[in-house]
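Trainee: Before I ask anything, let me first share the structure, which is written out below as structure tokens.
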Amino acid sequence: MIAKIGLTLPFAVLMSSCGINTRTSDSEIAALTAKAERACLCERRGGAKGKPACWASFEKAIAGKKASESDTARDPIWTTGRSWSEGDDNKWVTTYYHAAVSKPPEVILCTPGEAKTFEDAMMAGSLDDPETIRRADKIARDLVAGRSVAATSGKPLCS
């Protein structure tokens, strides 16, 4: 038994350090998600010039995952995130929520709460109704500007 442990443990450490056969836990996904939310909010405050510094911690934390960036389906909100595979499991961390607004510039939301608030505003009426879209656009822009809006609970449908 001791000889077996002596061979198995160093092999397991070697495999883990090479990124082989390691699994991402739910708590690690939660930590990556929290880093992405903080980075998005930081970027919102600092603009494009601050983006590299804002995302540095997230990029360092996800570097070993060999994750690729992709988007989800669109309407009325969609996400950009990082995805990677671990055997038969696909992992995902949301980095941005995109609000489908009627006029540029595009509105980027950073948290599930912001996304849910916008989504609820869009779903409060018909997606063909210009007034519904105008109200939802205003809510999205108010969220980004830090103005108070009626909050909702729960997660957006897109996550």
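Read-outs throughout are calculated quantities, based only on the coordinates presented, and are distinct from any laboratory measurement. None of these values were measured; they are calculated from a predicted model. Using ideal geometry, Cβ is built from the backbone for each residue, glycine included, and neighbour counts are taken over all protein chains shown.
Trainee: First measure r as the distance between the Cβ atoms of residue 23 and residue 80, then evaluate 1/(1 + (r/R0)^6) with R0 = 25 Å and state the FRET efficiency to the nearest 0.05.
Mentor: Details: r = 24 Å, r/R0 = 0.96.
Once rounded, the FRET efficiency stands at 0.55.
Trainee: Using θ = phi - 60° and the Karplus relation 6.51 cos²θ - 1.76 cosθ + 1.60, list the HN-Hα couplings for region 84-93 in order, rounded to whole Hz, with x at every Gly or Pro.
Mentor: 7, 10, 10, x, 8, 8, 10, 10, 8, 10
Trainee: Pop the C-beta distance of residue 49 and residue 147 into the FRET formula with R0 = 30 Å and round what comes out to the nearest 0.05.
Mentor: Values: r = 24 Å, r/R0 = 0.79.
Step by step, r from the Cβ atoms, then E = 0.80.
Trainee: Excluding residues fewer than 8 places away in the same chain, name every one of the aspartates and glutamates whose C-alpha is closer than 15 Å to that of residue 138.
Mentor: 106, 114, 119, 120, 129
Trainee: Further question on the same structure: Using DSSP to define loop residues, name the trypsin sites (Lys or Arg not before Pro) in region 25-75 whose beta-carbon has at most 16 other beta-carbon atoms within 10 Å. Before the final figure, lay out each step's value.
Mentor: Working: sites: 35, 38, 44, 45, 49, 60, 65, 66, 74; in loops: 66, 74.
Listed in order of number, the matching sites are 66, 74.
Trainee: Moving on to the next point. Given a Förster radius of 41 Å and the C-beta distance between residue 56 and residue 128 as r, what FRET efficiency does 1/(1 + (r/R0)^6) yield to the nearest 0.05?
Mentor: Numbers: r = 43 Å, r/R0 = 1.05.
So, using R0 = 41 Å, E works out to roughly 0.45.
Trainee: Among 23-29, 114-120, what's the highest-first ranking by average C-beta atoms within 10 angstrom per residue?
Mentor: Put in order of decreasing packing, that is 114-120, 23-29.
Trainee: Moving to a separate point now. Check cross-link reach from residue 35 to the lysines: straight Cα distance under 21 Å, and skip same-chain residues fewer than eight apart.
Mentor: List returned: 49, 51, 60, 65, 66, 91, 116, 155.
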